[in-house]
Amino acid sequence: VQLQASGGGLVRPGGSLRLSCAASGTSFSINTMGWYRQAPGKQRELVARIFSGGITNYADPVKGRFTISRPNAKNMVYLQMNSLKPEDTAVYYCNARLHSVDYWGKGTLVTVSS
């Protein structure tokens, strides 16, 4: 499974970005997809994930600001990020879990700065 993420960039505090991730290389429907992030000097952490059936969970720092979604019947995932803060600055990684195996994209950099 290959994951291709896009949508990162530089944004001012309070701004918005939308990350996209497309999975390829499998004919199976991926049950769980999500986003993680890693800030400089910190460990990678969960941002949000979405399970089959549309159940979602979010890390506390992003609740109410970020929304994860998946289009029906597609191995894709989006992350709408609103009200961005400087502490959201990180490399964001797309994740997919298929048959109990985790797959990772290369990451896309999000920088929140004035």
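Values quoted throughout were computed directly from the atomic coordinates according to the rules given, and no laboratory measurement underlies them. Note that the coordinates shown come from a computational prediction; the quantities given were computed from them, not determined experimentally. All Cβ positions, even for glycine, are placed from backbone atoms using ideal geometry, and neighbour counts span all protein chains on display.
Below, the figures for the structure above:
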item: Counting DSSP beta bridges with both ends in the chain, the antiparallel % (nearest 5); result: 90
item: In the chain, lysine pairs closer than 24 Å at Cα, eight or more apart or cross-chain; result: 6
item: Potential extension, Q43-S6 segment - 0.36 nm per residue separation minus Cα distance; result: 11.2 nm
item: Karplus-derived 3J(HN,Hα), 6.51/-1.76/1.60, for each residue of segment 100-114, Hz, glycine and proline x; result: 6, 10, 8, 10, 10, x, 6, x, 9, 7, 10, 10, 10, 7, 8
item: Where labels lie 7 Å past Cα in the beta-carbon direction, separation of E87 and S114 in nm; result: 1.7
item: The chain: relative contact order as a whole-number percent, Cα under 8 Å and 6+ apart; result: 37
